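Okay, structure first, notes after.
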Amino acid sequence: MTPLGALRGLVADAGFDLSVLARAGILGPDRPDRAIRAVAALVAGGQTLPTALRVATIKHPDRTMIEDRDGSLSYSEVDRRVTAIASGLIAEGMRPGQSVAILCRNGRGLVEAVLGGARAGLDVVLLNTMFSGPQVQDVVEAERVSALVFDPEFEEIAAELEGIELSIVTGSDPPGDRFVWLESLASGPASPEPPPREDPPRFVILTSGTTGRPRGAPRSTASGLSGMAALIDRIPRRAGESVMIASPLFHSWGFVNFALSLTLGATVILDGRFDPGRTVELLDTHRPETLIAVPVMLQRMVEWAEAEGTTRQPHRPRIASVSGSVLPGRLATDWMDRFGENLYSLYGSTEVAFVSVAGPSELRADPGTAGRPVRGTEVRLLDQEGRDVPPGEEGRIFVRNEMAFEGYSDGSDKERVDGFVSTGDVGHFEGGLLRVDGRDDEMIVSGGENVFPREVEDEIAAMDGVVEVAVIGVDDDRFGQALVAHVVGKPGEEPDSEEIRAHVRERLASFKVPREVVFLDRLPRNETGKVVKRHIGG
């Protein structure tokens, strides 16, 4: 491309970004004094989450920012408390460049610790609340964590950690002399905050660990204009609207939506541990415009509503947006039949951020589609030798965009080809829409044929009486490898194993028929709802 062509492309991209942000209400007329102060805050702090909080506070100080089990806090209240926490961390001996780990469920404690740590110039490590003590210790050592903020339920883990200089507990009850109380920091003096670091504080989000040990994937706190615009263009959130984030904030999907909510000046509704019935009730109570979740949460909410048998129409958010794992079977249509034509499914990963989005009409037509790539994201499908596959054929999914990570904390990396990063998945395009066929490392060779479990899972999941299913490959004396389906059924309604095998045989090739079907009470999942197949017996 010529320099003039490149310049035109940059101008066009900037114009697109600005138009999307204006349409969302992020850019627009404001009181002159507030506009001047907001620009000054942005110049002083850079594109970081603490700056997004400060700008939102300037623009609408009295708007509710957080609704949780402890009540509500306005933007101005959170901003003051976050500044006080940052001051308190520095007074306790923390210095810019050190790391603070957060072991909290969704609520004000997590939000204030994350923002306070970043405002103090600390890197922030988000810990999975399902981690055992040894797993937390591994992360503390790998990420060189100096301080820990945790909910009271994790006190036993916190008390046994080695190498932590400062332990801070959230909650409403003072902890005595054993730990520092986050509320004491938040209620303390808000001394002048330190000047911004030359390199913005990082957020370290851990991989889900579904196929191995979780690893840290650090990112800058800077929020790219193009990435934000690309997401809003496909999932049309609007400034000032309320959002319920059910997805864990320590997961990349929950975290990116929290960051976006700050920029949108949204009211964020948080509720700790997920419960399907309570979530439906909170939707009715708060009536948010947007729900952020992972697929298994929608599945549990649909099951709860069906079990209740109520004819009352639950609140239908304008947007129900999910990511974190593929949509199984007919979940997309089951959800929209009960909760409205509002479902947006994002395909991405901790490493490559956003890849593609499927909207309501696309999911109606094909409930298993991953949708169209978002603006600014390029997708290539490559064979095992790194060559592009012919149109319509299956290949390994590689992605290039401005949001891809730079490598794991331990120095390892995802496979890269000409600047494109592997997602670890295999897929193909149908009519411009991406379909994810399965994990690259889940493929088996049965009787000389390549088989991906995802296709078989989709067929079984669509059967009446099937709640969920996971298919894995096992060694087989006759064919080398074969499939075993692990099925969770509705009590008294589930099909038997021969019905399931016959159903697959009628729709797919014979080598894709499971060798056997095993019935389980539930599938093992991690905190973000992904099935952990290595915990399923063969």
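The values are calculated or read from the model by the stated rules, or taken from the named source; none is laboratory data. If you're wondering where the values come from, they're calculated on a predicted model, not measured in any experiment. Backbone-built Cβ (ideal geometry, glycine too); neighbour counts: all protein chains shown.
At-a-glance table
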{"read-out": "Within the stretch 69-161, strands (runs of 3 or more DSSP E) holding 1 or more residues that are of a type in the set (Gly, Ala, Ser) and in contact with a Leu (Cβ under 9 Å, 6 or more places away or on another chain)", "value": "99-103, 145-150"}
{"read-out": "Residues located in the stretch 188-239, provided they are modelled with pLDDT of 70 or more, assigned to a loop (DSSP other than H, G, I, E, B) and of a type in the set (A, V, I, L, M, F, W, C)", "value": "190, 235, 239"}
{"read-out": "Matching entry among 334, 275, 271 (being more than 30 Å from residue 41 (Cβ to Cβ), acidic (Asp, Glu) and touching a Leu at 6+ places or on another chain (Cβ under 7 Å))", "value": "271"}
{"read-out": "Entirely in the stretch 434-503, the strands (runs of 3 or more DSSP E) that have 2 or more residues that are over 15 Å from residue 515 (Cβ atoms) and not assigned by TED's automatic domain parsing to the domain that holds residue 530", "value": "none"}
{"read-out": "So residue 401, is it surrounded by 17 or more Cβ atoms within 10 Å (Cβ to Cβ), over 28 Å from residue 460 (Cα atoms) and within 19 Å of the chain's Cα centre (by Cα)", "value": "yes"}
{"read-out": "Filter result (in contact with a strand residue (DSSP E or B) (Cβ under 7 Å, 6 or more places away or on another chain), surrounded by 14 or more Cβ atoms within 10 Å (Cβ to Cβ) and either part of a loop (DSSP other than H, G, I, E, B) or not assigned by TED's automatic domain parsing to the domain that holds residue 79 (or both)) within the stretch 164-187", "value": "164, 170, 175, 179"}
{"read-out": "Set 321, 325: member being polar (S, T, N, Q), modelled with pLDDT under 95 and closer than 26 Å to residue 128 by Cα", "value": "325"}
{"read-out": "Qualifying residue in the stretch 369-377 (condition: of a type in the set (A, V, I, L, M, F, W, C), touching a strand residue (DSSP E or B) at 6+ places or on another chain (Cβ under 7 Å) and free of Cβ contacts under 8 Å to residues at least 60 places away in the same chain)", "value": "no"}
{"read-out": "Boolean, residue 65 is modelled with pLDDT of 90 or more, surrounded by 18 or more Cβ atoms within 10 Å (Cβ to Cβ), outside any loop (DSSP other than H, G, I, E, B) and of a type outside the set (Val, Ile, Thr)", "value": "yes"}
{"read-out": "When residues of the stretch 274-308 are limited to those that are without any contact (Cβ under 8 Å) to a residue 40 or more places away in the chain and of a type in the set (Val, Ile, Thr), the one surrounded by the fewest Cβ atoms within 10 Å (Cβ to Cβ)", "value": "285"}
{"read-out": "Scan of the stretch 512-531 for residues that are at pLDDT below 85, farther than 11 Å from residue 472 by Cβ and not small (Gly, Ala, Ser), ordered by number", "value": "525, 526, 527, 528, 530"}
{"read-out": "Odd one out for residue 144 among (1) over 20 Å from residue 72 (Cα atoms); (2) surrounded by 22 or more Cβ atoms within 10 Å (Cβ to Cβ); (3) among the basic types (Lys, Arg)", "value": "(2)"}
{"read-out": "Condition met for residue 161 (aliphatic (A, V, I, L, M) and touching a residue at least 40 places away in the same chain (Cβ under 8 Å))", "value": "no"}
{"read-out": "Every residue from the stretch 517-534 that is within 18 Å of residue 465 (Cβ to Cβ) and in a strand (DSSP E or B)", "value": "517, 518, 519"}
{"read-out": "Of residues in the stretch 463-510 being more than 23 Å from residue 440 (Cα to Cα) and of a type in the set (Gly, Ala, Ser), the one surrounded by the fewest Cβ atoms within 10 Å (Cβ to Cβ)", "value": "492"}
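Yes or no, residue by residue, for (1) among the aliphatic types (A, V, I, L, M); (2) within 16 Å of the chain's Cα centre (by Cα); (3) modelled with pLDDT of 95 or more:
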{"site": "256", "(1), (2), (3)": "yes, yes, no"}
{"site": "260", "(1), (2), (3)": "yes, yes, no"}
{"site": "263", "(1), (2), (3)": "no, no, no"}
{"site": "267", "(1), (2), (3)": "no, no, yes"}
{"site": "270", "(1), (2), (3)": "yes, yes, yes"}
{"site": "279", "(1), (2), (3)": "no, no, yes"}
{"site": "288", "(1), (2), (3)": "no, no, yes"}
{"site": "296", "(1), (2), (3)": "yes, yes, no"}
{"site": "299", "(1), (2), (3)": "no, no, no"}
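Residue by residue, here is whether (1) of a type outside the set (Phe, Trp, Tyr); (2) closer than 23 Å to residue 230 by Cα; (3) at pLDDT 90 or above holds:
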position	(1), (2), (3)
353	yes, yes, no
359	yes, yes, yes
371	yes, yes, yes
374	yes, yes, yes
389	yes, no, yes
401	yes, yes, no
406	yes, yes, no
415	yes, no, no
419	yes, yes, no
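Okay, residues lined up against (1) in contact with a Lys or Arg (Cβ under 9 Å, 6 or more places away or on another chain); (2) under 22 Å from residue 334 (Cα atoms); (3) hydroxyl-bearing (Ser, Thr, Tyr):
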| residue | (1), (2), (3) |
| --- | --- |
| 443 | no, no, no |
| 447 | yes, no, no |
| 455 | yes, yes, no |
| 464 | yes, yes, no |
| 468 | yes, yes, no |
| 472 | yes, no, no |
| 492 | no, yes, no |
